Each structure stands twice: as structure tokens, then as C-alpha cells.
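The values are calculated or read from the model by the stated rules, or taken from the named source; none is laboratory data. If you're wondering where the values come from, they're calculated on a predicted model, not measured in any experiment. Neighbour counts are summed over all protein chains in view; Cβ atoms, including those assigned to glycine, are modelled from backbone coordinates with ideal geometry. All accessible areas refer to the heavy atoms of the entire protein, side chains included, with ligands and DNA or RNA removed. Shrake-Rupley method; radii C 1.70, N 1.55, O 1.52, S 1.80 Å.
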Amino acid sequence: MTSTISLTIDGQPVEAPADATVLQAAEAAGITIPTLCHHPNLTPPAVCRLCVVEWEGRRTLQPACVTQVAADAVIHTRSPRVDLARRTILEMLATTVDLSDAPELRAMLAEYDAHPERFGEDLTRREHEVIIDNSFFVRDYDKCVLCWRCVEACGTDMEHAFALGFSGRGFETSIATFFENPMPETTCVFCGNCVGVCPTGALKDRRVFELEMATDY
Amino acid sequence: MSYEPVLTARIGKIDPASLTDYEAHGGFQALIRAVELGPGRVVALMEEATLLGRGGAAFPAGIKWRAVHQAEGPKFVVANADESEPGTFKDRVLMEGDPYALIEAVILAGFATAADKGFIYVRGEYARAYQRLRHAIARCYEAGYLGRDILGSGFEFHIELRRGAGAYICGEETALFESIEGKRGYPRLKPPFPTQAGLFGRPTLINNVETLINALHIVLRGPAWFNSIGPAHSPGPKLYPLSGRVQRPGLVEAPMGITLRELIEEHGGGVSGSGEFRVALVGGAAGAFLGPDHLNTPLDFRSLASIGAALGSGAVIVFDTSVDMKPILQRIADFFAHESCGKCYPCQLGTMRQRDIIARMVAGQGRPGDLQLLRDIGQTMRDTSICGLGQTASNAILSAFELKLT
Amino acid sequence: MTSPQTLALTPHQEQALQTLLRRYQGGGQSALLPLLHDIQAITGWVDEPTARAVAHTLGIPEIEVHNVLEFYTLFYNRPVGKHVIRVCNDLACMLAGHEAIIRALADHLGVPEQGGTSADGRFTLELHPCLGHCELAPFLMLDEEPMGPVSPDQIPDLLGGVS
Amino acid sequence: MLTFDRIVPTTCPFCGVGCQINLHIKENRIVQVTADFDKRPNYGELCVKGRFGTDFVHHPTRLTQPLIRKDIVLGQPFGKARPARSVAEAYREATWEEALTLVADQLARIAQESGGDAIAALASAKLTNEDNYLYQKLFRSLLKTNHIDHCARLCHAGSVVGLMRTIASAAMSNSIEEMENLHTFIVTGSNTTYAHPVIALKMLKAVDKGARLIVVDPRRIDMAKHATLWLQQRPGTDVAVFQAMAHVIVNEELYDKAYVATQTEGFEAYAAHIQRFTPEWAEEVSGVPAWKIREAARLYATAPSAAIYWGMGISQSTHGSDNASALVNLAMLAGHLGKYGGGLNPLRGQNNVQGCSDMGGLPNVYPGYQPVSDPAVKAKFEKLWGVELNDRPGLTVVEMAQAAGEGRIRAMYVMGENPATSDPHLHALYEHFSNLDFMVVQDIFPTETARFAHVILPAASWAEKEGTFTNTERRVQRVRAALPPPGEARPDLDILQDLGRRLEARLGVHTAQGWNYAGAEAVWREVGQAASEYAGITYQRIEEEGVQYPCYTEDDPGTLYLYKEGVPRGRGKFWLMDFRPPVELPDEEYPFNLSTGRLLYHWHGGALTRRSRLNDAAPEPVVEIHPVDAKKLGLVSGDLAKIRSRRGQVVARVRVTDRSPIGTVFLPMHYAEAAANLLTLDALDPDAKIPDYKNTAVAVEKAEVANWELVLA
């Protein structure tokens, strides 16, 4: 049994296990913090930074999904700084990828009063062809937010197949197979656990994809 | 000009390939002294000297040495020689001109912290430094400075020389660990810190090359000597890589806290080009522009922090009044967009958006809210990026707008 | 990546490559960057079969080799010229007139100013972030040879002297 | 974005892991399968079959109408069962009334003429607990026959006998959730990543966390890559390796003396018996270096807790019972029973093979493994069902067919099984079936077996009916109707009850409950009355998550792992055995050993997965041949090869790989067009009556033409 500590979240006194994350402590107190890359069954990569909170006395905002609570911490899950960061990240994301299949993210955009259009039109986007190379799922990396969930699910967090990794780096990063080979020529075993954890419809059961195509046109 | 260089004293005077030459010029005296003192005393000396890390983050070196000294083995010492900050070439000059000094410093750090192995991670583009270090390490093994029972102390230590492969981010200490481990250079989440769980998950002392070389002189000359140089809050000798529009670009060793004016006038021979100073970029692309108002500001950690700038690596690039600053800003923005590793969203997206917006401004197609966008992006990157790359990627550009350089 | 391309090695290179792979057998992931550096010293770049051999040699998943090849700019997973010229295009070199150097190289090699490989496959021109030789601006590296300050009129001689 | 009409939680219809899945339905079609990340046992993880392979329910070859042989006229005598070339040509559509009248008339007639012992029935490991309970009840209570068995006979009968005779319990002792936290474990005869993919993931997590894995397998299966030790024994030499491990544990005094003294019997004799099984002897026999056997024994015996997992590679052998008993001996020596992360764990192959056995789909026991020959048990069931019962244990799967060939069995009813693919030595089986006076097949597809039937009854698939499956870890989980059955297909429970009512009328027998159950739940409540270990599990309790039996009362949380209070036998009995080589060894004429098994993309006889998009990933039969053998035979990957045994021949595509050892070729069991069982032999384990699917002597040569005639089409 770990000990319990007291802290303050959004002005509310909160008790939490000493090894809890801020996200867990907040959730237990009924306070919702938005997340994207975080998935309960996967190692938190803490890359999306949407769950950042303001921790009085700390220089930068803290990612709630991986930051451990501390006694007497005073934490704000909403503040002008937090909202600015979340809004800006969401706006930049929305100007980079296609979020049409990510209703939770679109709801977040509305909640944080995000206006991607203020960034203008002449922006670099990530654009990819839809990859249909097997009978089971399609990969539409226009919709990929690089949350890493699929890579983790394909690796040691779930499947141990190691078929998925990265091409490029920085803004030009994309999820890829070894030398960008078609899936059937990789170590993929088509478990679809990557599809199961994808939050934006970038990975999709081929039947769903085909049905959508049929309805759209 | 009463200051006598110590860090660069041997450079140009000795044959960098020759171990005997190195030994003849005071080489390995610090290590011999350290062995006499014993690890605990060496660490104490490092604590007594107020040596702030010279890689840019200015973290007190003594605290790191103490933490790793106390940690349970196996543990490692890593020399961060992945010098990639634009305008910075100090570690290269040290490694090319005096390679044995770095090796001696790593052995000394290994001895003080009872580490099992040392790594020197040299920037991939620094082929000459890499070759000279490789040669020097082989000589040190032959001479018994590396291997078993070094200097009869019973201490066994090995150094593995590693090469980067073209990634600015690997200068970030945890990204550097990932790179040694054979992975993409993605910075790790902190905590845990390197002294707790660093390379291969073990306690690791990681210092910049210049920091490590300072340790040699602290052991030889004592903390009092060290602390007497420059300002009390951040003392010691400092290397200032000086470039751009100055008459004599080059590496300057001076007491910490020299002013920009002294650096340019006394060491650089004055501004070139139009001859009229406009601005200097201090600390490289991750640093900030300083205008004429700051010519007398001491170039030390605290003084620069107090005006919202940072000393960083100490690099100073000088711009005269004839320089069109727009392409300069575009280059800085391009640099970060190219070098962002892409791990966390604020930096992955922010560096590209910053680049896009600067591009349209440079092209005369800026939009009304563009400066606000740059500020929002900058604050978001500073507040939420995983590592220093993203946290500093907007500094120079925003400071340029502050100074109305465009 | 478009059409898959493979290395054409001489028997001597092939033998050197095999010797290298044997030396790194079971080396684990930490040996990945050193091995890739050593391979490129022989082959210039790393093709798919070689990358696969690297994974098997070190005992790591193939995708890890891909991940690393794609991340580091000094590693190549597509063909590159026999010699690589990296011209620094960062601040100090900009101030010292790097554009003229780039133009001279591009003209001489018949490649775009953003970089590219000459038709004969001998040279690849690359623009590179700060190479850390700012006191020698404008600066370039011909393979691993540092050169600076250079002037545009030196370029023909410089390239002519290369085998 | 697609919106779904409904999302129905249910249990995966493939392997014994029993993954919880959600069927996303649009216009009465399954268009996507997902899994909840917080639900046992799979916690959101699935394999390719569960996530992408359920589209078989929409395959155009689904049976939608009762079918009767064209040459049958009601009221007239008709011919024996004989294979039709094509179901479409040989059968005519009929009404349910006509078809069930015919079935009831014929079964009643044969029962009256020759007694119930002339009738045999195959229950199904694919169907629900409720289906199987009612099925065995129908045959036992109305037709008075105990000739009831199912394909568990062909997969784990060796395990069941090996476990029953030593500790008197055959279920997997421990649980899936323990697998992530193992300290040490043995995987033997189980290609876990193919046959139980989600369980393999849990095991790999344990390995990542530092668990020590010992793989004992002749084939270079994926798990071997992750193993601390891989013991590659020659095919069929398992007993030698395990006995030698026991030799080390005993002679190095690594055994759990307290456990052996208080919980077992026969140790002294056993310790003396195994003296001749030295590691050096075992090295000679099995090819496994003696040092590896010693090391494996030490790792296993000295662990605080260590589990053994096994699959078909252990049980599908003419000495399958001995293989399993040898493993029991090891677990008893080390005292690894009755603890978390330990135990004896046969991994059950099919979705409900555990449940079908539990429900009495076996010739010798009623539900809950209560022997039919026990007078007290007989009395109990006579009271419960209100009819007189037969106390003679019935015939097993292969014996039934053989008895049909001899005329002792006149009628067979096959529900949801496909012996014409899964039984050994198929040519013999075809002959036996052709001697039947009456045969009924109740299924969702016109299977290879259906071609022998007089009457084919179209059933609802798993996605079209209510009920429960019991997974490999004894967890009873819900199956739900997400779709209407196609055409006139009916849920098995409806068909059985309709038939039950008709049989009662014809035979003048009346069971206490009658044949008008309110639904699957009502049947399940009766199961609780029949066998107390299920009594505490109600549909209400398992609405969200299944419960592991034994579970006696509604406030009993169920059982994570067995034998905490000792094994059911009281004291575990050390089993003495000698090493016996496989029945058929390679010789000059048939120089290779054939091993059969599974692929990741297919399941069982392929009846379902060959009719799903899974087939795209593995569309044709492939035989795996070692590079050394391939070179000798002049074969390269992509060639066709003819594989001949003394009993038959098939043609398959060659894949050159070192997964199998030199001298062994591997053929998957899923392809009717190259049915591995045309080659296998029907010699049986003397106790378990299980055939050997891993050791058949074959000859291999290059073939020019495939000549695959797809029976499915």
C-alpha cells in the first residue's frame, strides 16, 4: 500500500495515492482533463501535451498523464496558460491533418474555442495517399495525429510484431513499415490491435472504409 | 588583458596526436592528483567550485557528480560532444586541438563517480575530432590510462567513442542516451533524471565537453582559483565562439562575464561589413538577439537571464547594419523545423507553423494576426514541449520582433 | 520511397560487408549506429537487404533499423553520390556568402541549388545546418574533409582533385 | 464517418481464449469488431481471427433451408449415407416440418429396431453450453444412448486422461490474468502465437518483465525466439525429455519435499523408476543436449512458482496420456500446484471445447463429469430428467465411425462438427460413414461431412443466438444474438427442442421438463441443477463479465486457480511410464515425418475461416519443408509438392523454412483440398483414444499440378 497525500486541484482539496499521476488524481476527484495520446493499456508516450496542467511553482506546464502528484501541490487544470496551450496545439493539429473521423478531438476544438482558420490557408500540411494493401485494414495517414498508440500496440505493449515504426522526423514524421513495404510483406500479423487503439480513424477496418466510400459517393 | 587562458592553453602548442606531448604540457596531472585525493575529495572539490554546466543549461556540475558518486552501480559517464548549436564550435576546437584533455577528464569523472564505463558521443559531422579522439583513446589504452588498474589505483575504466549521425536533438542529454542505445533520438520524459536512470537505465553523469575540461583545472588549481574568475554567481573560464560580422572570428577564452562589447572589440577586432553593430545572436539559434542597448551586459548566465536572454553555449554571432535580417529569421525558423525530432506536438507542429508564418511574412504576405500567432506558438512550445529544443525554438525569433529587426 | 533500389557492390565491398556483419553478430541495438556508420563507409548507403541483414546480425526487429535510418540525416536509405558535399547554410556562413558557393557547386555539378546528385552519380550536394566551423565561414565538408573559408572560384579545383 | 445500427457485446467464436468482443452491426451485417480495454480476459486485445474473421456469417454458402437428399421419398425406404459430389446437385429444399418429421421418424425407428446403442451423436465444441447440454440430454434421455462425443477427443483427450488418472481433474488449473505475472513457465507442444494469440501476448508481457520461459518443441515456433531455454526435441520424444527433467529434479533433490510428502503418493516407486531416464539417455533419444535438460529442470523446480502450458503437440499422440502424465509428475515434484502463476494448463483449442465437455458432450459422463456408470449419478439424473437412463459408457469419436463401418452404429447425428476433415485417416472414415442407414448434419455450412447426410438442417451461427461459452480458463461468458439467422435457419436450441417434442411423441417418453424452454437462460438454470459447480453462475452475474467455475453459489466469486486445497483425487498419483516411440516412423519408402497443425489465419477444419477474408491471407495449402530437405528434393518455395503416406496423398505449395527440423515436414489441418488427415493414421492412444497427428511417415516429391478442387465452393 502506498501512502496517501493531499493536494489541491482547481481549488479543491484532493487526496491521492502518492504514486498516482495528476490525471488519475483529477479523475478520482471528478475533474476531467483532456487526453489524446494517452491510452490506459499502453505506455503513456506523453507526446500530445493536451493534458498539460499548471502546477504553481513549476516553470513549465506539466503533462498530467505522466506527472506524479506531490504533497501540497497546487494544480490548475484550467487557466489562461493551460487553455492557450491546448487551444494552440489543437489549432495547429487541425491545420495539419484531417480530423473528420475524430469526433472527440472536434469536440475539444469547440470546447477550447479553437479557430484553426486564424492560421490561414498557406500552411504545410501532412498529406498521404490512402494505403490499401491488405484485406483487413486501410491506413489513411492524412488522419494520423502521430499519437504513437499503433506503434506501441504493435510493439512491446501488445503484439510484439514490430511491424510499425516511423519514417522521417519532425513535422514530416509518418508511421511506416520497414522500407515502407506493403503490410503483407512485413512482420504484421494483422491482429488489428493498432486499429483498435487508433483515435482518429487513420487505421480502419477495410469493410468500414469501403462502406463509407460507398455511402459518400 | 590579464587573463591567461587555461582551457585552450595547449591548443596550437602541442601535437594533438601525441600523448607524450600532452604529458609534457601538464597532461594527466589532474588525473594523478585525483587518484591521490580519492573519489570523495574530487567530488567535494567539484561541489566547492561553482561550475555551472557549459552545455547551455547551467546546471551545477557538482550536484550531478555527487548524485552519481552516491548511486549504486553499474553507472556511466557520458561526455556530451554533440555540439550542434548554430554558431557554436568550442567543443570541436577543444577536441581537435587537445583530445587527450577530454579523455583525461572523462577518466577523472569516471574515477570520481566510480563509474564502470565512459562514452564520448561526438557529433557525426565532426569527423576530424572523432578521428583524433579515436587515436588518442588507443594511445591511452597502450599507456595504461585506460583499462585495468589505472595509475595503480585499482580503478578499471573503459571509454567507448560514439558518433552521432546528423541530429541536433541528440545534444539533448536523454536523446543522446537513446541514440547510444541505437534508437531514434527522441528526448525522454523527465523525471527520472540521468543521475537516477540515464544511459541503459543506469545512473549516468553527463557533462558537456567544456564542463569536463574545467573539472581538470578545478582538481589541479582548486575551487578557490576557479571561483575567483568572473562573477561570483557564475564563475570560471568561459569559451565564447565568436562569428559573423567581426574582423577576427574565432574561439575566445575569457573570464565568465565579459561584455559583448569587449568580446567584439577586443577579441573580434571590431564589427566588419558596414562596421556598425546592429545586433548579436547570443546562445545560438536557441538564444536571443541582443541589440546595442546590451553591449555592456556581462555575458554570464545570471546577467543574461535577468534580461530574458540566455548564455546557452556562449556562441555569439554578430550582425552589422548592412545585413537583411529577414532571411536570417527564415533560416532560424527553417533550422528548428528541420531539427525538431517530432516527438511532442507543440514542437513538431509549432516549429513548422513558425516556419510557415515567417515564410509568408518574409515574402510580404503576412496576415494581420501573424505576430500574435507567433507569440501563441512560442508560449505553447515554451510551456509544453518535452525538451529544451521546443522550449527555446521561438526565443530568437520573438526577440527579433521585440527589437523590431524586420 | 518509390522504386526499390539495391546496392551494386564489388566483390571486394561485398566481402568487407560480410566481414563487418560477422564482427557485429549479436551486438544488440546499441551497436546499430556504429554498424551503420561502418557499413556506409564501405557502401555509401544502406539498401533494404542490407538493412534486413543488419537487423538479423544485431538480433533486433527490422523496423528499428528503418526507424534509425530515417531519423538521422547522415544515414541514407536511398542512393547517394560517391562523394557527398555538405555546404553549411547556417547563419555565420550565410553572412559570409554561402550562396555563391552553393551556386558554384550547383552549376558545376548540374544539380539544383537545393541539392541533388550529379548525373554521373559521383557527387551529391547537400545543404547542411551549422557544421560548427563558423570561424571558417563559408564552410563545406567534402565527405569527411573540412574546408573553409572557401570561395566560389576554388570550386572547380576542389572537385577536380577528387578521384 | 459510419454510424452503426447497434453494437452487441459477445464472445469471440474462435479459440479457447474467449476474447470479449463487440459486433458493430449495420443493416444486419457485421462491419467491424472491437474489444473493450477494461474487460477480462483479453483487455481489448484481439487476434486477426477475432477482429477480422467473423464475416463468415455472411458467406453466400450459408445453409438457409432444410435440405433432404433428392432420392428420398417420405415413407419409402432409402439408401445408405454416401458422399454427394455437390450439395447443390444432390439435395432438395424442404420445409422444417418435413425435415424434422423425417429425422424424428428415422431416429425413433432405429432406436426401436436396434436400441439406442445403434445411434451415435457428435456434440460440438463450437456450440454453446446450452446447445450441448440439451443435445446430450436429448440423446441420453429420449434415445437412451451414451454414444456422445465431440472433437475434444481429437485435441485434448490425451491431456484429459493424463490428468484424470493422476489428479482427477482435467481443466486448465490456472488463469489467463496470471500469465502476465509469471516467474517461470514451460510452453510445450503449443504454437501459442498461432493457436492462442492473445494468450501469447500475455506470456510475452511476462517475458518482458523478466519471466523465464522454457520452450520444449521440435519446431522453431515464435515463442522459441523469446525463450530463456529452447529444448528442441525430436518429434515424438517428449516423454524422454520430461522424464529426464524429473530425473534431475529428484536426483539433485530439487523437489518440494513437503508437497511430495503430504500431497502425493507413489513417490518412492517413481523415484526408483526414473533412475534409468538420465539426461544423457534422453539426449540420445531426443537430441536435446543433457545440459539443457538439467538447466530446464533446475529453472522449473527452483522457481517460487512455475506454470506449464501445453497444446496439441503433447496430447495428439498415441502416447498423449503419457505426455500429459509426465507433465503432471513434474508439477507435483516441484509442488507447483495450487498456487498463483503455477499449475497445469492445457490450452483448449476451440471456443467452447471446455464447455462442451463440461456439459456432458462425452460418452462416459453427464454434465459436470459425473460418470454414467455410477449408479448414484444415474439415479440423480433419472430423478432430474424424469426418465430411465443407460449406464453403459458410449463410444468415442473414432470408435463411432469404426462401429458404423461394422454396422453396430446405424444412425449418426452430427451437430456443428466436421469429422470429414478433422478425423484421422479420412479415407477409412468415408467408408465407415457410407455404411450408415441414417445421417443428420445440423450446421451453418454444407461441410465436407454434410455431403454424407440424408438430412441437412440449417442452424443459426454464433452471432444469431443466445447462450454461453466456457473459455480455456473455465470462465463462463455470454454469447448474444446480434443478427437474425439467414433464411429459415434456426438456433440449435430451437431445432433440438422441436425434435425433442417430436421424439417424445413417437417414443412415448416424457422428460420432466419437456422441450419448451423459455430460452437459453432457462436451459442454463437446469445446468446448475445438474452440476453444482455451475450453480452459482447466473446470466445476471455474467451480463458484463464472465465468472470462472467452480462457482457453487451466487455469492461465490468463482475460482481463479484450482487445487488450493489439494487436488480432487486427494493425493496426486505419480504415474510410471516408459518411453515409447511413435507408431509410425520414417523409413526408406516414406522417409519424412509429417507433423500437422495450425496457422494463425485459419481455425480448425477451415469451415469458417476459409469462408472469411482470413482466407486472403492464407488462401492455399502450404507445406513447410526444411531448407536441407528441400535442397535434397529439388524443391524451392512456390513449387508444388505431393505428400504421400500409406493412406493417401495430397498436393500443397512448398514453403522452404527452418521452422520444422530436418526430416519433418509440416502441413496445416485447415485445407479440405489438401486435407492433412488423408495422410494421418488412426492408431489411437490406448487410454485416451486420441490419434497421433504429429507423427506420420510420408514421402515428398515435386508435383506439377495442384488439382485442388474446392469442396467449399
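Please list, ordered by residue number, the helices (runs of 4 or more DSSP H) wholly in segment D:159-245 having 1 or more residues that are charged (D, E, K, R). Walk me through how you get there before you give the answer.
Values: elements: D:192-195, D:197-208, D:222-225.
Qualifying helices (runs of 4 or more DSSP H): D:197-208, D:222-225.
Looking only at segment A:1-33, which residues are assigned to a loop (DSSP other than H, G, I, E, B) and surrounded by fewer than 19 Cβ atoms within 10 Å (Cβ to Cβ)?
From segment A:1-33, those assigned to a loop (DSSP other than H, G, I, E, B) are A:1-3, A:10-11, A:18-20, A:29-33; that's our starting set.
If the condition is that a residue be assigned to a loop (DSSP other than H, G, I, E, B) and surrounded by fewer than 19 Cβ atoms within 10 Å (Cβ to Cβ), then A:MET1, A:THR2, A:SER3, A:ASP10, A:GLY11, A:ALA18, A:ASP19, A:ALA29, A:GLY30, A:THR32 are the ones that fit.
Quick one: which residue in B:ARG302, B:ARG248 is under 19 Å from B:PRO235 (Cβ atoms) and basic (Lys, Arg)?
Details: B:ARG248 fails: under 19 Å from B:PRO235 (Cβ atoms).
Testing whether each residue is under 19 Å from B:PRO235 (Cβ atoms) and basic (Lys, Arg) leaves just B:ARG302.
Filter segment C:98-110 down to residues that are farther than 17 Å from B:GLN330 by Cβ and surrounded by fewer than 22 Cβ atoms within 10 Å (Cβ to Cβ) and give me whichever is farthest from the other protein chains (Cβ to nearest Cβ). Talk me through it step by step, then tell me what you get.
Let us first name the residues in segment C:98-110 that are farther than 17 Å from B:GLN330 by Cβ, namely C:100-101, C:103-110.
If we keep only those that are surrounded by fewer than 22 Cβ atoms within 10 Å (Cβ to Cβ) too, we end up with C:100, C:103-104, C:106-108, C:110.
Working: C:ALA100: 14, C:ARG103: 15, C:ALA104: 19, C:ALA106: 18, C:ASP107: 21, C:HIS108: 23, C:GLY110: 25 Å.
The qualifying residue farthest from the other protein chains (Cβ to nearest Cβ) is C:GLY110.
Provide a single number: the residues in segment D:1-27 that are open to solvent by 10 Å² or more (accessible area, probe 1.4 Å), more than 8 Å from chain A (Cβ to nearest Cβ) and out of contact with any strand residue (DSSP E or B) (no Cβ under 9 Å at 6 or more places or on another chain).
The total comes to 1.
Could we say that D:VAL48 is open to solvent by 70 Å² or more (accessible area, probe 1.4 Å) and among the β-branched types (Val, Ile, Thr) here?
Working: open to solvent by 70 Å² or more (accessible area, probe 1.4 Å): no; among the β-branched types (Val, Ile, Thr): yes.
So D:VAL48 fails the test.
Pick from segment B:173-226 the residues that are touching a Phe, Trp or Tyr at 6+ places or on another chain (Cβ under 7 Å) and hydrophobic (A, V, I, L, M, F, W, C): which of them is nearest to the other protein chains (Cβ to nearest Cβ)?
B:ILE180
When you check D:LYS209 against the structure, is it modelled with pLDDT of 95 or more, basic (Lys, Arg), open to solvent by 10 Å² or more (accessible area, probe 1.4 Å) and outside the structural domain of D:SER422 (by TED's automatic domain parsing), yes or no?
Numbers: modelled with pLDDT of 95 or more: yes; basic (Lys, Arg): yes; open to solvent by 10 Å² or more (accessible area, probe 1.4 Å): yes; outside the structural domain of D:SER422 (by TED's automatic domain parsing): yes.
Against the criterion (modelled with pLDDT of 95 or more, basic (Lys, Arg), open to solvent by 10 Å² or more (accessible area, probe 1.4 Å) and outside the structural domain of D:SER422 (by TED's automatic domain parsing)), D:LYS209 qualifies.
Specify the residue that is nearest to the chain's Cα centre (by Cα); the eligible residues are those in segment B:1-27 that are part of a helix (DSSP H, G or I) and buried (at least 20 other Cβ atoms within 10 Å of the Cβ).
The initial filter retains those residues of segment B:1-27 that are part of a helix (DSSP H, G or I), namely B:19-24.
With the extra rule that they be buried (at least 20 other Cβ atoms within 10 Å of the Cβ), the set shrinks to B:19, B:22.
Details: B:LEU19: 26, B:TYR22: 24 Å.
Among those that are part of a helix (DSSP H, G or I) and buried (at least 20 other Cβ atoms within 10 Å of the Cβ), it is B:TYR22.
Among the residues of segment B:28-46, count how many are touching a residue at least 24 places away in the same chain (Cβ under 8 Å) and open to solvent by 10 Å² or more (accessible area, probe 1.4 Å). Talk me through it step by step, then tell me what you get.
So in segment B:28-46, the residues touching a residue at least 24 places away in the same chain (Cβ under 8 Å) come out as B:28-35, B:37, B:39-40, B:42-43, B:45-46.
From the residues that got through so far, the ones that are open to solvent by 10 Å² or more (accessible area, probe 1.4 Å) too are B:29, B:32-33, B:35, B:37, B:39-40, B:45.
Number of matching residues: 8.
Could you list, in sequence order, all residues of segment D:28-45 that are open to solvent by 10 Å² or more (accessible area, probe 1.4 Å) and more than 9 Å from chain A (Cβ to nearest Cβ)?
D:ASN28, D:ASP36, D:LYS39, D:ARG40
Could you check how many residues of segment B:319-338 are of a type outside the set (Val, Ile, Thr), touching a helix residue (DSSP H, G or I) at 6+ places or on another chain (Cβ under 8 Å) and open to solvent by less than 10 Å² (accessible area, probe 1.4 Å)? Reasoning before the result, please.
Narrowing segment B:319-338 to residues of a type outside the set (Val, Ile, Thr): B:319-320, B:322, B:324-327, B:329-331, B:333-338.
Narrowing further to those that are touching a helix residue (DSSP H, G or I) at 6+ places or on another chain (Cβ under 8 Å): B:319, B:325-327, B:329-331, B:333-338.
With open to solvent by less than 10 Å² (accessible area, probe 1.4 Å) added as a condition, the list becomes B:319, B:325, B:329, B:333, B:335-336.
So the answer is 6.
Report yes if C:LEU58 is away from chain A (no Cβ under 12 Å), crowded, with 19+ Cβ neighbours inside 10 Å and under 21 Å from A:THR156 (Cα atoms), otherwise no. Step through it out loud before you land on a result.
Details: away from chain A (no Cβ under 12 Å): yes; crowded, with 19+ Cβ neighbours inside 10 Å: yes; under 21 Å from A:THR156 (Cα atoms): yes.
In short, yes.
With respect to the numbered conditions (1) among the basic types (Lys, Arg); (2) closer than 27 Å to B:GLU172 by Cβ; (3) more than 22 Å from the chain's Cα centre (by Cα), which one is the sole condition not fulfilled by B:ARG54?
Going through the list (1) among the basic types (Lys, Arg); (2) closer than 27 Å to B:GLU172 by Cβ; (3) more than 22 Å from the chain's Cα centre (by Cα), B:ARG54 breaks only (3).
Answer yes if at least one residue in segment A:114-134 is more than 9 Å from every other protein chain (Cβ to nearest Cβ), in a strand (DSSP E or B) and surrounded by fewer than 23 Cβ atoms within 10 Å (Cβ to Cβ), and no otherwise.
Filtering segment A:114-134 down to residues more than 9 Å from every other protein chain (Cβ to nearest Cβ) leaves A:114-117, A:121, A:125-133.
Keeping just the survivors that are in a strand (DSSP E or B) gives A:131.
Applying the additional criterion that residues be surrounded by fewer than 23 Cβ atoms within 10 Å (Cβ to Cβ) yields A:131.
The answer is yes; a qualifying residue exists.
Do we find a residue being over 25 Å from the mean Cα position of the chain (by Cα) and open to solvent by less than 10 Å² (accessible area, probe 1.4 Å) anywhere in segment D:683-694? Explain how you work it out, then say what you get.
Of all residues in segment D:683-694, those over 25 Å from the mean Cα position of the chain (by Cα) come to none.
No, segment D:683-694 has no match at all.
Has segment A:191-209 got at least one residue that is open to solvent by less than 10 Å² (accessible area, probe 1.4 Å), in contact with an Asp or Glu (Cβ under 9 Å, 6 or more places away or on another chain), assigned to a helix (DSSP H, G or I) and at the interface with chain C (Cβ under 10 Å from one of its Cβ atoms)?
no
Hey, among the residues in segment A:135-172 that are more than 14 Å from chain C (Cβ to nearest Cβ) and in a strand (DSSP E or B), which one's surrounded by the most Cβ atoms within 10 Å (Cβ to Cβ)?
Applying the filter and picking the extreme gives A:ARG139.
So that you can scan it fast, the table gives a plain yes or no per residue for (1) within 14 Å of chain B (Cβ to nearest Cβ); (2) surrounded by fewer than 17 Cβ atoms within 10 Å (Cβ to Cβ):
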position: C:THR10; (1), (2): no, yes
position: C:GLN13; (1), (2): no, yes
position: C:ILE39; (1), (2): yes, no
position: C:THR50; (1), (2): no, no
position: C:VAL68; (1), (2): yes, no
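Return a yes/no flag: does segment D:647-659 have any residue that is in contact (Cβ under 8 Å) with a residue 60 or more places away in the chain and either open to solvent by less than 10 Å² (accessible area, probe 1.4 Å) or of a type in the set (A, V, I, L, M, F, W, C) (or both).
In the first step, residues of segment D:647-659 are kept if they are in contact (Cβ under 8 Å) with a residue 60 or more places away in the chain; the result is D:647-648, D:658-659.
Then drop every residue that is not either open to solvent by less than 10 Å² (accessible area, probe 1.4 Å) or of a type in the set (A, V, I, L, M, F, W, C) (or both), which leaves none.
The answer is no; no qualifying residue exists.
Let me confirm something: among C:GLY132, C:GLY121, C:GLY81, which residue is in a loop (DSSP other than H, G, I, E, B), more than 14 Å from every other protein chain (Cβ to nearest Cβ) and either surrounded by 18 or more Cβ atoms within 10 Å (Cβ to Cβ) or in contact (Cβ under 8 Å) with a residue 60 or more places away in the chain (or both)?
Numbers: C:GLY132 fails: more than 14 Å from every other protein chain (Cβ to nearest Cβ); C:GLY121 fails: either surrounded by 18 or more Cβ atoms within 10 Å (Cβ to Cβ) or in contact (Cβ under 8 Å) with a residue 60 or more places away in the chain (or both).
Being in a loop (DSSP other than H, G, I, E, B), more than 14 Å from every other protein chain (Cβ to nearest Cβ) and either surrounded by 18 or more Cβ atoms within 10 Å (Cβ to Cβ) or in contact (Cβ under 8 Å) with a residue 60 or more places away in the chain (or both) holds for just one of C:GLY132, C:GLY121, C:GLY81, which is C:GLY81.
Kindly evaluate A:VAL66 against the criterion of being open to solvent by less than 20 Å² (accessible area, probe 1.4 Å), in contact (Cβ under 8 Å) with a residue 12 or more places away in the chain, part of a loop (DSSP other than H, G, I, E, B) and facing another protein chain (nearest Cβ under 10 Å). Steps first, answer last, please.
Values: open to solvent by less than 20 Å² (accessible area, probe 1.4 Å): no; in contact (Cβ under 8 Å) with a residue 12 or more places away in the chain: yes; part of a loop (DSSP other than H, G, I, E, B): yes; facing another protein chain (nearest Cβ under 10 Å): yes.
No; evaluated as a whole, the condition is false for this residue.
Among the residues of segment B:47-69, write down those that are outside any loop (DSSP other than H, G, I, E, B) and open to solvent by 40 Å² or more (accessible area, probe 1.4 Å). Talk me through it step by step, then tell me what you get.
Restricting attention to segment B:47-69, the residues satisfying the condition of being outside any loop (DSSP other than H, G, I, E, B) are B:47-48, B:52, B:60-69.
If the condition is that a residue be outside any loop (DSSP other than H, G, I, E, B) and open to solvent by 40 Å² or more (accessible area, probe 1.4 Å), then B:GLU47, B:GLU48, B:PRO60, B:ILE63, B:ARG66, B:HIS69 are the ones that fit.
Inspect all residues belonging to segment B:120-128 and state whether any of them is under 23 Å from C:LEU33 (Cβ atoms), open to solvent by 10 Å² or more (accessible area, probe 1.4 Å) and either β-branched (Val, Ile, Thr) or part of a helix (DSSP H, G or I) (or both).
Yes, segment B:120-128 contains at least one residue that is under 23 Å from C:LEU33 (Cβ atoms), open to solvent by 10 Å² or more (accessible area, probe 1.4 Å) and either β-branched (Val, Ile, Thr) or part of a helix (DSSP H, G or I) (or both).
Can you tell me how many residues within segment B:145-170 are open to solvent by 30 Å² or more (accessible area, probe 1.4 Å), not in a strand (DSSP E or B) and not aromatic (Phe, Trp, Tyr)?
Adding up the residues that qualify gives 7.
Pick out the one residue from B:GLU142, B:GLU72 that is surrounded by fewer than 24 Cβ atoms within 10 Å (Cβ to Cβ) and outside any loop (DSSP other than H, G, I, E, B).
Working: B:GLU72 fails: outside any loop (DSSP other than H, G, I, E, B).
Going through B:GLU142, B:GLU72 in turn, the sole match is B:GLU142.
Just to be sure before I move on: is D:PRO83 in contact with a helix residue (DSSP H, G or I) (Cβ under 6 Å, 6 or more places away or on another chain), farther than 21 Å from D:GLN442 by Cβ, away from chain A (no Cβ under 13 Å) and not polar (S, T, N, Q) in the structure I sent? Spell out how you get there, then give the answer.
Working: in contact with a helix residue (DSSP H, G or I) (Cβ under 6 Å, 6 or more places away or on another chain): yes; farther than 21 Å from D:GLN442 by Cβ: no; away from chain A (no Cβ under 13 Å): yes; not polar (S, T, N, Q): yes.
When the stated conditions are applied, D:PRO83 does not pass them.
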